[in-house]
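Working notes, beginning with the structure itself.
The values are calculated or read from the model by the stated rules, or taken from the named source; none is laboratory data. Remember, it's a predicted structure, so these values are computed and weren't measured experimentally. Counting neighbours? That spans all protein chains shown, and the Cβs are built from the backbone with ideal geometry, glycine included. Protein only, heavy atoms only, side chains kept; ligands, DNA and RNA dropped before computing areas. Shrake-Rupley method; radii C 1.70, N 1.55, O 1.52, S 1.80 Å.
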Amino acid sequence: MSLSRRLFTLMLLVLLVFSFGIFFIQVNNTRDSLAERQRVELSNLAQSLSLALVPHVELGDAASAETLIRATLDGGYVRDIQLESVALPAPIAFDITRESQAPEWFQQMIPMPVETVSRELPGGWASLGAISLTGEPAQGHDDLWKLAKRLGLWLLLGGLLTLLVASLVMRRLLRPLDRLSARLNEMETQRFDAPLEETSVKELRGITSAVNRLGQRLHTQFEAQAAQLARLQRQAEQDAVSGLGNRGYLNRAVDEWLSEPLGGSFALLRVAQLEVVYQEQGYKGRDALLRAIAQRLEQRELAGEPIVAGRLANHDFGLLLPEADESALQAFLKGITEDIDRLLDANPMANSRPIGCVIGAARREPGMTRTQLFTVADTTLLQAIEHGSSVALAEEGDQARPRGEWREVIEQSLERPDGLDFVAQPVLFNDGSELHRELFARLREGDQLHRAGDFLPVVRHFRLGARFDLHALEWLAAHVDGIEAPRLALNLTEETLDDEASFSGLISWLGVHPRLCKRLDIEVSESIALRHLERVKLLFRRARRLGARGGIDRFARELKELSYLEALRPDYVKIDQAFFKRDDVDTELLQSLCMTAHQVESLVIVTRVESEQDQARVMSLGADGYQGYVAPAVDVMARKP
């Protein structure tokens with residue numbers, strides 16, 4: 001319970017005790033006063049009647065005596081009357097019954113005392129008789145009930161007004177403390193570089209100042225750690241002259257790309273004129289041209305996605321290209337060659353303009369390795385040079401299914417509830433416990449199930465990702481009761497976050513399915529997080545409120561500082577195992593990667609771990625868990641026989 005609620009509850013209890021005390025004291029005092037008044041009135045009535053009844057009693061006139069008694073006691077506090085005299089043929093006794101308007105429970109809770117008064121009738125030397133009067137408590141209860149209602153209403157209104165004023169005052173006084181609490185919470189989930197405003201509460205000024213200093217220190221420390229990591233990564237994976245990734249970086253990027261269900265192409269770019277420039281202008285002219293080419297390549301995008309570029313050798317570059325159809329790919333590569341040719345300043349007066357650069361590209365095909373891909377791209381490059389062409393594309397294999405046919409199959413599957421099926425691969429901590437199971441989709445076509453690597457490139461090529469993600473979530477919601485794994489992870493496509501309507505639909509869907517969210521981890525790739533930082537931040541924030549977790553896949557792939565981690569604060573990050581196995585990467589870089597993620601309290605998971613030796617290595621470098629062939633994928637749910 002929060003401090004404000006505790007104070008409010010304490011004040012409420014004090015007010016209740018105070019109000020009940022006042023209520024009972026006032027009611028009891030009034031009851032005693034009414035009882036005393038009743039006793040006095042009964043005594044006076046008895047005295048008056050004892051004198052007034054003497055003439056009638058002496059004559060033995062019982063009827064006149066009873067009439068006098070009734071007339072005198074009409075509307076009084078008397079319930080029972082009894083007159084006894086030797087002069088009367090029989091005693092006179094009767095009662096005046098009157099019902100009280102007070103509730104029965106009130107009469108039982110606060111009983112009125114009943115008084116009885118007796119007086120003798122004077123008759124000279126001897127007494128003529130005696131009269132006894134017993135009080136009636138109904139009138140007293142009526143007066144007490146009216147007082148209780150007025151007093152209770154006043155105490156209720158006064159208490160509510162007091163609580164309202166006290167609540168406003170406490171809220172104002174505790175506002176600086178609430179800001180401090182929220183700020184400390186933000187240090188765990190959000191950025192911590194904006195200082196808190198100074199407070200007017202003397203006792204909290206020192207705490208506010210300390211929190212501001214702590215936040216600034218953490219922010220500075222994280223920036224220094226991220227900057228150091230960026231420097232180490234550039235030293236290991238960046239070409240010193242061009243600023244692009246080097247061969248090691250490009251090899252890692254291609255290996256990770258081939259391990260994922262992505263489409264696209266790899267292209268070799270050769271700028272033979274660099275050697276001529278070096279001979280004519282020296283290394284300064286060549287290096288300036290290299291940097292200019294690198295800048296042009298970094299600015300290029302295909303199908304709305306940036307390309308991955310690296311320098312392989314003195315005049316060779318490697319380009320990792322996203323999925324695009326053949327005409328768009330051909331036009332894109334042609335544009336690159338024309339752009340670089342303009343940088344080379346070819347002689348416009350020459351009869352035959354020499355080819356300044358040549359590109360050979362090869363599409364990714366199922367089962368391809370990096371060596372095979374590089375070989376096909378190199379062979380295509382040599383064919384382009386031989387034929388005097390600036391761009392050449394390798395022919396696709398005969399086993400490739402046409403994209404149009406794939407699209408029909410995908411759209412038909414997305415229309416059916418059973419069009420998708422899933423397997424799940426465990427993600428384990430170093431101690432063997434399970435973080436979650438990552439879902440991998442399979443597409444159902446009749447009795448055949450297609451793996452994600454076969455159709456996901458087509459899904460992304462035709463921008464069907466948002467529909468695919470929603471269909472996967474609907475499948476999970478429908479089968480959640482049959483899934484044995486405690487937590488599941490789903491990797492979202494970029495189309496879901498790229499479109500405002502799709503993103504809003506995802507947020508709304510999560511809010512409607514809180515039971516599934518408590519068992520769901522939502523992943524996005526690092527490239528998506530960098531391009532849609534604000535939406536990913538909002539997605540993670542909403543998901544956490546519903547019990548879900550957020551993760552970053554393909555972590556540390558970009559040669560950029562990791563400052564986005566400070567804003568997103570993911571629950572975990574996933575790094576490809578190829579990063580950890582390379583001999584040309586310093587151990588300090590790998591440890592810094594883990595330390596930077598741990599700085600924002602993110603777990604580090606290494607993917608594609610193939611053996612126990614790989615597992616031991618990633619553990620020694622500070623990773624928290626692993627995923628890969630050592631724990632193969634299994635069926636996501638128990639199937640009925």
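Miscellaneous remarks
- ARG437 vs. criteria within 17 Å of ASN491 (Cβ to Cβ), touching a Pro at 6+ places or on another chain (Cβ under 6 Å) and open to solvent by 60 Å² or more (accessible area, probe 1.4 Å): yes
- Test: GLU494 is open to solvent by 40 Å² or more (accessible area, probe 1.4 Å) and either out of contact with any Cys (no Cβ under 9 Å at 6 or more places or on another chain) or closer than 25 Å to VAL606 by Cα (or both): no
- The number of residues in region 370-422 that are touching a residue at least 40 places away in the same chain (Cβ under 8 Å), under 30 Å from CYS357 (Cα atoms) and not in a helix (DSSP H, G or I) comes to 3.
- Looking only at residues of region 413-444 that are in contact with a Phe, Trp or Tyr (Cβ under 9 Å, 6 or more places away or on another chain) and among the small types (Gly, Ala, Ser), we find that the one that is nearest to TYR572 (Cα to Cα) is ALA424.
- Test: residue in region 500-511 that is over 22 Å from ARG557 (Cα atoms), open to solvent by 30 Å² or more (accessible area, probe 1.4 Å), under 18 Å from the mean Cα position of the chain (by Cα) and free of Cβ contacts under 8 Å to residues at least 24 places away in the same chain: yes
- The set of residues in region 591-628 that are under 16 Å from ARG557 (Cβ atoms), in contact with a strand residue (DSSP E or B) (Cβ under 9 Å, 6 or more places away or on another chain) and modelled with pLDDT under 85 contains only LEU593.
- LEU163 meets each of the listed conditions (1) modelled with pLDDT of 75 or more; (2) buried (at least 17 other Cβ atoms within 10 Å of the Cβ) apart from (2).
- Scoring GLN577 on the criteria (1) more than 18 Å from the chain's Cα centre (by Cα); (2) open to solvent by 10 Å² or more (accessible area, probe 1.4 Å) leaves a single failure, condition (2).
- Residue list for region 1-42, filter: under 37 Å from the mean Cα position of the chain (by Cα), part of a helix (DSSP H, G or I) and hydrophobic (A, V, I, L, M, F, W, C): LEU3, LEU7, PHE8, LEU10, MET11, LEU12, LEU13
- Contact map, region 424-443: residues that are among the polar types (S, T, N, Q) and part of a strand (DSSP E or B) paired with residues that are open to solvent by 20 Å² or more (accessible area, probe 1.4 Å) and at pLDDT 90 or above, Cβ distance under 8 Å, separation 6+ or inter-chain. Pairs shown: GLN425/ARG437; GLN425/PHE440.
- Taken over region 50-69, the criterion of being closer than 18 Å to ARG79 by Cβ and either surrounded by 20 or more Cβ atoms within 10 Å (Cβ to Cβ) or modelled with pLDDT of 80 or more (or both) is satisfied by ILE69 alone.
- Filtered residue count, region 601-641, keeping only those that are touching a residue at least 60 places away in the same chain (Cβ under 8 Å), outside any strand (DSSP E or B) and crowded, with 22+ Cβ neighbours inside 10 Å: 2
- Residues located in region 321-332, provided they are part of a helix (DSSP H, G or I) and surrounded by 22 or more Cβ atoms within 10 Å (Cβ to Cβ): LEU329, PHE332
- Looking at GLY335, GLY360, GLY282, GLY318, just one residue is of a type outside the set (A, V, I, L, M, F, W, C), open to solvent by less than 70 Å² (accessible area, probe 1.4 Å), closer than 23 Å to GLY243 by Cβ and in a strand (DSSP E or B), and that residue is GLY318.
- Selection of region 16-44 for residues being within 30 Å of ILE81 (Cα to Cα) and of a type in the set (Ser, Thr, Tyr) yields THR30, SER33, SER43.
- Of residues in region 285-315 being among the β-branched types (Val, Ile, Thr) and within 25 Å of GLU275 (Cα to Cα), the one least open to solvent (accessible area, probe 1.4 Å): ILE293
- Boolean, GLN47 is surrounded by 14 or more Cβ atoms within 10 Å (Cβ to Cβ) and under 19 Å from SER127 (Cα atoms): no
- Of residues in region 401-432 being surrounded by 13 or more Cβ atoms within 10 Å (Cβ to Cβ) and small (Gly, Ala, Ser), the one farthest from VAL636 (Cα to Cα): SER413
- In the set (1) closer than 24 Å to LEU147 by Cβ; (2) assigned to a strand (DSSP E or B); (3) not small (Gly, Ala, Ser), ASP80 fails one condition alone, (1).
- Any hit, region 547-564, residues being surrounded by fewer than 16 Cβ atoms within 10 Å (Cβ to Cβ), at pLDDT 85 or above and either under 22 Å from ALA236 (Cα atoms) or under 17 Å from the mean Cα position of the chain (by Cα) (or both): yes
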